[in-house]
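Engineer: Provided herewith is a single structure, encoded as structure tokens, for subsequent inquiry.
Only the coordinates and a few stated rules stand behind these numbers; no lab work does. Owing to the predicted nature of the structure, the values given are computational and were not obtained by experimental measurement.
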Amino acid sequence: MSKTIDYYMTALSPFSYLGHRALCAVAEKHGASLAVKPVNLPAIFEHSGAVPPARRPPVRQRYRFIELQRVADYRGLPINPKPRYWPVDPSLADHTIIALIEAGHDPLDYMQRIFAALWVDEEDISDRAVLAAHLRAAGFDSETVLPAAARPETAAIRARNTEEAIAADVVGAPAYILNGEPFWGQDRIEHLDRALATGRPAFSAAPFMDKPSSKG
């Protein structure tokens, strides 16, 4: 039976970009399917205690820039650690991905284009014209997808994805869920690969968490 990996991401995330191709390769290697689920990252941060990069201590901001370069080198990908259009509202880009999924399309190639648009090519992914161009380049009808992306129902799906991610103990983006076990960050793709290869039972924190006292 084919395994399904829930793939929580946002077009804003550089680490979603850096892990995207590697994740797709691992899924293909094991015959697993990817359930792509764009999320509202600030809402997840609010729940997990994380904060946006600009609000982190300077030492963590500096380390993030080093890590982006290091991971890009490891993955063999180009990156501009401080792109012109960042931070940017990823809502419309995320919604176009959802619209493609809802229409029965495979969004993975388009997602790679959008990631690279922001993190390599200095493009504004909140701009409808930019998204329309990448939709057409990926073989989709932008005049159909963009109106679908603007529907309230599409935003509701992203909100529901976010709630599901929080319930699954997702800390940030990207995150991958296999058999209920969360793998947070592109640097956990190799661990996900091993879990798929070995078929081991999912790990859980539950046995190690303090149980509520039955005493009044």
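Engineer: For the chain, what is the calculated [θ] at 222 nm in deg cm²/dmol (nearest 500), taking -39500 (n - 2.57) for each run of four or more DSSP H residues and dividing by its residue count? All intermediate terms of the calculation are to be shown ahead of the outcome.
Structural biologist: Details: 9 runs with 111 residues, N = 216.
When only DSSP H runs of four or more count, the value is -16000 deg cm²/dmol.
Engineer: Anyone know which of F115, F45, F65 comes out most mobile in the 10 Å Cα GNM of the chain?
Structural biologist: Residue with maximal mean-square fluctuation among F115, F45, F65: F65.
Engineer: What is the set of long-range amide H partners of G185 at a cut-off below 5 Å, with H atoms built 1.01 Å from backbone N?
Structural biologist: The answer is A175, Y176.
Engineer: Of the lysine pairs in the chain, how many meet both conditions: Cα atoms under 26 Å apart, and a spacing of 8 or more in sequence or different chains?
Structural biologist: Working: K3/K29; K3/K37; K29/K37; K37/K82.
For the chain, qualifying lysine pairs total 4.
Engineer: Could you work out how far the C-alpha centroid of region 129-143 sits from that of region 31-46, in angstrom?
Structural biologist: Here the two parts' Cα centres lie 22 Å apart.
Engineer: What whole-number distance in Å separates the alpha-carbon centres of region 151-170 and region 65-113?
Structural biologist: 18
Engineer: Once phi is turned into θ = phi - 60°, what whole-Hz ³J(HN,Hα) does the Karplus curve with 6.51, -1.76 and 1.60 give for every residue of region 180-192, x standing for Gly and Pro?
Structural biologist: Running phi through 6.51 cos²θ - 1.76 cosθ + 1.60 with θ = phi - 60° gives x, 8, x, 10, 9, x, 4, 6, 9, 5, 5, 5, 5 Hz.
Engineer: Another question, then. Using the Karplus curve 6.51 cos²θ - 1.76 cosθ + 1.60 with θ = phi - 60°, work out ³J(HN,Hα) for each residue of region 11-17 in order, rounded to whole Hz, and write x for Gly and Pro.
Structural biologist: 4, 6, 7, x, 6, 5, 4
Engineer: Now, a different point. For A35, enumerate residues with amide H under 5 Å from its amide H, sequence gap 5+ or separate chain, H modeled in the peptide plane.
Structural biologist: I5, D6, Y7
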